[in-house]
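The values are calculated or read from the model by the stated rules, or taken from the named source; none is laboratory data. Just so it is clear, the model here is predicted, and its values are computed rather than measured. Note: ideal-geometry Cβ built from the backbone for every residue, glycine included; neighbour counts use all protein chains shown.
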Amino acid sequence: MAKDNLETRAGLPDALRVLLEQYPRDLWQSHSNFDGLTRFWLERHLMFRQVLDQLQSEAQGFLDGKIDPQQHAARTARMAGFLIDQLHGHHQIEDHHYFPKLSAAETRLARGFEILDSDHHALDDHLKVLTDDTNAMLRAIVEKQPADAAAGALEARLGRFRQFLNRHLTDEEELVVPVILHHGFRL
């Protein structure tokens with residue numbers, strides 16, 4: 001459905017937020033079913049957001065002339081590669097391990113897990129374009145060509161990607177954690 005599309009939605013439909021109403025975010029960590037693996041999973045989401053912040057800050061610093069091109073290229077290659085690899089692995093574990101178990105535990109929210117799986121496919125497309133934009137900027141620097149246009153395109157791409165990724169991560173957290181808390185499910 002178009003309204004469930006990662007590109008356009010403002011959040012999960014109300015029907016999929018039923019457990020979030022019972023288990024609001026501010027109570028998660030104090031709940032007896034909130035365990036170390038759930039904390040680790042949420043910390044991974046925070047890490048993805050932080051790496052994106054660093055990449056965008058790095059790009060802006062380069063565009064402002066505050067960062068040496070070679071240092072910028074090295075840090076960007078390392079951080080972007082890390083982000084892309086980690087997101088792919090994270091999503092594979094969720095799609096093949098966590099989501100099927102969570103969906104089976106809370107069948108009335110199965111549509112939510114389908115939406116999150118669809119998000120992963122959409123994010124894969126965004127990651128490919130992010131990879132292409134990163135490589136274009138890196139290539140310009142390595143070849144000692146003007147890199148401002150490529151760096152600007154990458155910085156803009158990072159901003160758009162942040163919106164999509166944050167929408168997905170927030171929706172995922174607000175669906176998954178309440179299911180875990182409600183069922184005492186262990187990832």
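Odds and ends about this structure:
- Which numbered condition residue 185 misses (of (1) in a helix (DSSP H, G or I); (2) more than 14 Å from the chain's Cα centre (by Cα)): (1)
- Selected residue (criterion: surrounded by the fewest Cβ atoms within 10 Å (Cβ to Cβ)) from residues of the stretch 44-53 that are touching a helix residue (DSSP H, G or I) at 6+ places or on another chain (Cβ under 7 Å) and of a type in the set (A, V, I, L, M, F, W, C): 51
- Against the list (1) over 20 Å from the mean Cα position of the chain (by Cα); (2) exposed (fewer than 12 other Cβ atoms within 10 Å of the Cβ); (3) farther than 30 Å from residue 147 by Cα, the condition residue 10 fails is (1).
- Qualifying positions in the stretch 54-68 - in contact with a helix residue (DSSP H, G or I) (Cβ under 7 Å, 6 or more places away or on another chain) and of a type outside the set (D, E, K, R): 54, 55, 56, 59, 60, 62, 63, 67
- Among residues of the stretch 137-160 that are in contact (Cβ under 8 Å) with a residue 24 or more places away in the chain and farther than 17 Å from residue 74 by Cβ, those with a Cβ under 7 angstrom from a residue that is surrounded by fewer than 19 Cβ atoms within 10 Å (Cβ to Cβ) and of a type in the set (Val, Ile, Thr), sequence gap 6+ or separate chain, pair up as 157/129.
- Only one of the numbered conditions (1) in contact with a helix residue (DSSP H, G or I) (Cβ under 8 Å, 6 or more places away or on another chain); (2) more than 21 Å from residue 137 (Cβ to Cβ); (3) of a type in the set (D, E, K, R); (4) modelled with pLDDT of 95 or more is not met by residue 75, and that is (2).
- If the condition is being over 15 Å from residue 175 (Cα atoms) and either in contact with a Leu (Cβ under 7 Å, 6 or more places away or on another chain) or in contact (Cβ under 8 Å) with a residue 24 or more places away in the chain (or both), then the stretch 10-31 contributes only 31.
- Per-region count, the stretch 13-43, residues touching a helix residue (DSSP H, G or I) at 6+ places or on another chain (Cβ under 7 Å), surrounded by 15 or more Cβ atoms within 10 Å (Cβ to Cβ) and assigned to a helix (DSSP H, G or I): 6
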